[in-house]
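Comments concern the structure below.
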2 protein chains.
Amino acid sequence: MPANNLDPDVAARLKRDEHGLVCAVVQQHDTGEVLMVGWMDDEALHRTLTSGRVTFWSRSRGEYWRKGDTSGHTQHVRSVALDCDGDAVLVRVDQVGAACHTGTRTCFDAGGDLGAVVGSAPGQDHP
Amino acid sequence: MPANNLDPDVAARLKRDEHGLVCAVVQQHDTGEVLMVGWMDDEALHRTLTSGRVTFWSRSRGEYWRKGDTSGHTQHVRSVALDCDGDAVLVRVDQVGAACHTGTRTCFDAGGDLGAVVGSAPGQDHP
């Protein structure tokens, strides 16, 4: 069990999955780009909230991963918000360089568009 | 096992969790607001890609959930992109009304800010 230094008031509000993780959506603070999705346990969230740098729990490697330590593509925290049911956080950052390990700005640029049929809201004449 | 009508080329690219789900980040297409996070199995993604309306798999209720059918707060699809490793999709939508069941525009407005220490990128003089 990793160390857990998270503020107990925050910890009490989390709804973790069976692996003790919450989903972390990372967004560029000024452009609004959704850069990537990662995972945090209590300690990773604690480090993210208190250090100014985003830290994830790597499910594949089973270790903490402070974004940019090997790539140089650091994520500098602007704000962190919890969602209504406590199972996801929105981390607004200033991203240096590419957020994706493939070298693209966002991980969704890398995977690419799936060609969805476009819907339109009532009262609108687009698409 | 629910029906699965998802395009096999898309299905082959997904990396589902042990429950057969991928993470779906929903973003308002014009403002960039991150509205909510939900979950999709293959069939929910198929319906989202082909119907113009966002459909999730509800983990708590164990059923498909087409956003807005009870609340009226529909999500109209603009685009869907897969991430680099296939375990998350970014769904850009036109959201009618509140995305959150609590009545706030986004689920992160409802949960609220966690008071993170702000970091600053090299060469910048903010925060």
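A compact table of results
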item	result
Condition met for A:Arg105 (among the basic types (Lys, Arg) and modelled with pLDDT under 95)	no
Enumeration of residues in the stretch B:45-64 that are more than 9 Å from chain A (Cβ to nearest Cβ) and closer than 16 Å to B:His76 by Cβ	B:Arg47, B:Thr55, B:Phe56
Options B:Arg61, B:Arg53: the member that is basic (Lys, Arg), closer than 30 Å to B:Asp9 by Cα and surrounded by fewer than 18 Cβ atoms within 10 Å (Cβ to Cβ)	B:Arg61
Selection within the stretch B:1-32 - assigned to a loop (DSSP other than H, G, I, E, B), facing chain A (nearest Cβ under 8 Å) and on the phi < 0 side of the Ramachandran plot	B:Arg13, B:Thr31
Selected residue (only one of B:Asp17, B:Asp69, B:Asp9, B:Asp42 is touching a residue at least 12 places away in the same chain (Cβ under 8 Å) and open to solvent by 20 Å² or more (accessible area, probe 1.4 Å))	B:Asp17
Qualifying residue in the stretch A:116-126 (condition: closer than 22 Å to B:Gly86 by Cα and surrounded by fewer than 17 Cβ atoms within 10 Å (Cβ to Cβ))	yes
Residues located in the stretch A:75-105, provided they are among the β-branched types (Val, Ile, Thr), more than 7 Å from every other protein chain (Cβ to nearest Cβ) and open to solvent by 10 Å² or more (accessible area, probe 1.4 Å)	A:Thr104
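The values are calculated or read from the model by the stated rules, or taken from the named source; none is laboratory data. All of these numbers come straight from a predicted model, not from anything done at the bench. Positions of Cβ are backbone-derived with ideal geometry, glycine not excepted, and every protein chain shown enters the neighbour counts. Note: areas computed on protein heavy atoms with side chains; ligands, DNA, RNA excluded. Shrake-Rupley method; radii C 1.70, N 1.55, O 1.52, S 1.80 Å.
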